[in-house]
Amino acid sequence: MDAALARAYVSNPTLNAERASVRVTNESVPQALSGYRPRITASADIGASITDARIPGGGNSTSRLGPRGAGVQIDQTLFDGGKTRSAVSQAESQVLGARAVLRNIEQNVLLDAATSYMNVLRDTAILTLNRNNVEVLDEQVRQTRGRFEAGEVTTTDVAQSQARLSQAQSQAILAESNLKTSVARYRQNVGAEPRQLAPGRPVEGLLPKSLPVALSAALTSHPAVIASLHGVDAAELQVKVTQADLYPVLGVRGTVQQRYDEDTFGDRVRSAGVFGTLTIPIYEGGQVYSRTRQAKETAGQRRIEVDTQRDTVRAAVVSAWGSNEAAKAQITAAQSQVRAAETALSGVREEAKAGGHPQEPTALADFMIPSPLGARGGLRWNSGRFSG
C-alpha cells in the first residue's frame, strides 16, 4: 500500500492542482511587501516647435527648437495608515490558510487511495469466494441429479440445488461487476492499474486511544479547522486594510531631469529636487465606509464558518469512529459464523455418509466472509486475480 499512496501523492491531478493554487497564493506576500518599497519611474520626450514672431515696427523673428529631455522620479511612502503592514499580515494568513487546505486535500486524496486499495482486495476476495461457491454448488447439482436417478431424492431436491446454483452464479456476476468498479476507482485515485497488491495492515496502532482523544485532536489540529481560523485572520485584517484608506498618506518624492532646447536653441538645463507629499482624503462619497462595513460582515461570516467547520469535523470523527467499531464487531461475528458453518457442514456431510436423507448440504463458501484487511491466507492481487 505504501507504493500506491506514494504514487497517489505525487501524481494525483487534484493534489497537483491544489499545489499550483498554493503557489499562486504565495505570490500575494511579495505583492503586499511592495508597499514598503520605493517606486522608480523614468520618462523621456522629444519634439519640435516653430515660433514665428512679428516684431512691432517691422520684421519677423522665427525660431526652430527641438525640445527633448529625460528624467527619473522616485516615490517613497513613509506613512499609509498601516495599510501595507495589514496587507502583509493578511497575505501571510492567506498563505497559511492555503497550505492548510492543501494538507486537508492531501489527507482526502490519500484516504481515497487507501480506500480504493482495500476495496480492490475486498471485492477480489468476494469474487474468488463466489466463484468457488459456484464450483461447489455445481458439483452438488451433479451429485443430486445422480441421487435422483438412483431414487434417493426427489425432484424438489434437484430444483433446490439448481436454485442455489443460479443464485450463486448471480452473486458471482455481481461481485465481478463490483470488482471492475473498484479497479476503475483505484485507477482514478492512484493513477495506475492495481498489480501485486499486498494484504493491508491493521491500523489499530495508529488510532487514538478513545473517542474523546480523537475529538480533541481533530478540533485543534484538523487542517480544515486551521484553514478556517486563518480565514478569520485574513478577513479581520481586510477590515484594517480598508479603514487605512481614510488616513492621510505621507511620502517623499525625488526627481532628476535633463532638458535640451527648452527655451532657446542649444540651451541645456539640468534640474533635481526633493519634495515631501501629503495626501489627505476629505470626502470619498461614502465608499470607504461602505467597504469597511462589508469587510466587517465578511469577518463575522468567517467566524461562523469556523463553528460550522468544527461541527462538520466532529460529526465526521464520531461517524468514522462508530464505523470502525461496527466493522470490528462485524468481523468478530463473521468469524463466529464461519466456525458455526464449518461445524454444521461437517455434521451434514457425516449424516450423508451414514446413508441418511438429510437436507441437501450447503457449501461452506456460502458462509465464508473475507476479511476486509485481506490479511488472512496471504491473498494477493495479481493481474486481475487473487492468488495465495
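None of the figures in this text is laboratory data; all of them are computed from the coordinates on show. Since this is a predicted model, take the numbers as computed values, not measurements. As a convention, Cβ positions derive from the backbone with ideal geometry for all residues, glycine included, and neighbour counts pool all protein chains shown.
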- Is it possible to state the helix-based mean residue ellipticity at 222 nm for the chain, with each DSSP H run of 4+ residues giving -39500 (n - 2.57), the sum divided by total residues, to the nearest 500 deg cm²/dmol? What is it? -21500 deg cm²/dmol
- Tally Lys and Arg at +1 and Asp and Glu at -1 over the other residues with C-beta under 14 Å from the C-beta of ASP75: what net charge comes out? +2
- Spin-label pair TYR9/VAL72, simplified geometry with 7 Å Cα→Cβ offset, distance in nm: 5.0
- Surrounding charge for ASP267, neighbours by C-beta under 12 angstrom, Lys/Arg +1, Asp/Glu -1, total +1
- Net charge near TYR36 (other residues with Cβ under 13 Å of its Cβ; Lys, Arg +1; Asp, Glu -1) is +2
- Query: If R0 is 56 Å, what FRET efficiency do you get for MET1 and VAL274 from their C-beta distance, rounded to 0.05?
  - Reply: 0.25
- Query: What are the semi-axes of the equivalent ellipsoid for the range 131-280, taken as the square roots of 5 times the Cα gyration tensor eigenvalues, largest first, in whole Å?
  - Reply: 88, 27, 15
- Query: Toward the positive end of the charge dipole of the chain, about the Cα centre and with charges on Cβ (Lys, Arg +1; Asp, Glu -1), which of SER228, THR292, PRO56 goes farthest?
  - Reply: PRO56
- Task: Give me D for the chain in µm² s⁻¹, whole number, from Stokes-Einstein with Rh from the Kirkwood sum over alpha-carbon pairs, 4 °C and 1.567 mPa s.
- Result: 44
- Query: How far, in nm, would the chain grow between ARG253 and LEU206 when pulled straight, counting 0.36 nm per residue and subtracting the alpha carbon separation?
  - Reply: 10.7 nm
- Full extension between GLU350 and GLN107 adds, at 0.36 nm per residue less the Cα distance, a length in nm of 82.1 nm
- Note on the structure: Of 155-167, 110-122, ordering from highest average Cβ density within 10 Å down gives 110-122, 155-167
- Query: Tell me, what ³J(HN,Hα) does each residue in the range 226-242 have, in order and in whole Hz, if you take phi through Karplus 6.51 cos²θ - 1.76 cosθ + 1.60 with θ = phi - 60° and put x for Gly and Pro?
  - Reply: 4, 4, 5, 5, 5, x, 5, 4, 5, 5, 5, 5, 5, 4, 5, 4, 5
